[in-house]
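Here is the structure we will look at.
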Amino acid sequence: MNSPDSPKAFLTHASADKERFVRDFAAKLMKNGVDVWLDEWEINPGDNPVRKIFEEGLPKCQFVILIMSAISVQKPWVREELDAAFVRKVEGQARLIPVRLDGCQMPECLKTTRWEAIDDLTNYELVFQRILNGIFGHHPKPMLGPPRPYVHSPVLAISNLNRVDSLVFVKACRIAVEQGDTFGKR
């Protein structure tokens with residue numbers, strides 16, 4: 001059962017890529033909490049595919065994963081889905097996640113969008129993790145450690161003074177004490 005708050009992703013692809021990659025990829029996304037809209041899972045006999053894709057599939061997904069391959073970049077149907085997805089991106093309604101297979105040439109409209117390349121269709125775990133990070137908004141940046149000791153000023157800020165003014169004030173006080181100045185009592 002899918003959670004209503006699970007991220008929803010539409011999978012654009014060429015039918016010829018379904019057997020060699022798309023089905024497994026979609027199932028893997030589902031196992032990792034992404035509700036995937038895949039045509040063969042959503043379009044039943046008797047359904048109008050155009051209506052299902054452009055009125056139910058694409059509009060209800062926050063993410064469009066574009067499987068770009070040597071086959072799909074030449075398919076007019078994939079181009080129509082890409083065009084509709086790009087409009088949703090421009091309108092701020094969906095995020096595009098291009099995935100390149102076969103080292104294919106990416107469409108011009110995707111060249112400014114970060115895409116992931118899968119070179120080995122049987123071993124792509126690191127790329128898959130980056131795709132999940134993109135969907136779930138996770139940034140795997142390590143925690144920031146403490147600053148090095150030489151970065152810290154040995155002087156704490158005094159009242160409303162900034163650190164530099166505090167340092168000057170403390171230095172002036174030390175000089176006065178070293179010279180025997182009792183701060184006005186002579």
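Values in this text are rule-based calculations from the coordinates and carry no lab data. Quick caveat: nothing in here was measured; it's all calculated off a predicted structure. Glycine also receives a Cβ, built like all others from the backbone with ideal geometry; neighbour counts cover every protein chain displayed.
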Helix-only CD estimate at 222 nm, as mean residue ellipticity for the chain, using -39500 (n - 2.57) per DSSP H run (n ≥ 4): -9000 deg cm²/dmol
If the limit is 18 Å between Cα atoms, which of K8/K111; K89/K111; K8/K52 go over it? K8/K111
So which lysines can K75 reach, going by Cα to Cα under 16 Å and dropping same-chain residues fewer than 8 places off? K18
Calculate how steeply helix 163-178 sits against the longest principal axis of the alpha-carbon atoms of the chain, using the helix alpha-carbon long axis, and give the answer as 0 to 90 degrees to the nearest 10. 20 degrees
Using +1 at the C-beta of Lys and Arg and -1 at the C-beta of Asp and Glu, which of I131, Q74, L121 has the Cα lying farthest in the positive direction of the dipole of the stretch 8-136? I131
Out of these labelled values of Kirkwood radius over Cα pairs in Å, (1) 16.9; (2) 19.4; (3) 20.5, which was calculated from the coordinates shown here? (3)
GNM, the chain, Cα, under 10 Å: largest mean-square fluctuation among I175, I131, I65? I175
Roughly how many debye, to the nearest 20, is the charge dipole of the stretch 8-136 about its Cα centre, given +1 on each Lys and Arg Cβ, -1 on each Asp and Glu Cβ, and no other charges? 320 debye
For the stretch 65-78, 3J(HN,Hα) per residue [Karplus equation, 6.51 cos²θ - 1.76 cosθ + 1.60, θ = phi - 60°, Hz, x = Gly/Pro]: 9, 9, 8, 9, 9, 4, 7, 5, 5, 9, 8, x, 5, 4
Would you kindly state how much longer the chain becomes between H139 and N44 on full extension, computed as 0.36 nm times their sequence separation minus their alpha carbon distance, in nm to one decimal? 30.4 nm
How do D83, D39 rank when sorted from fewest to most other Cβ atoms within 10 Å of their own Cβ? D83, D39
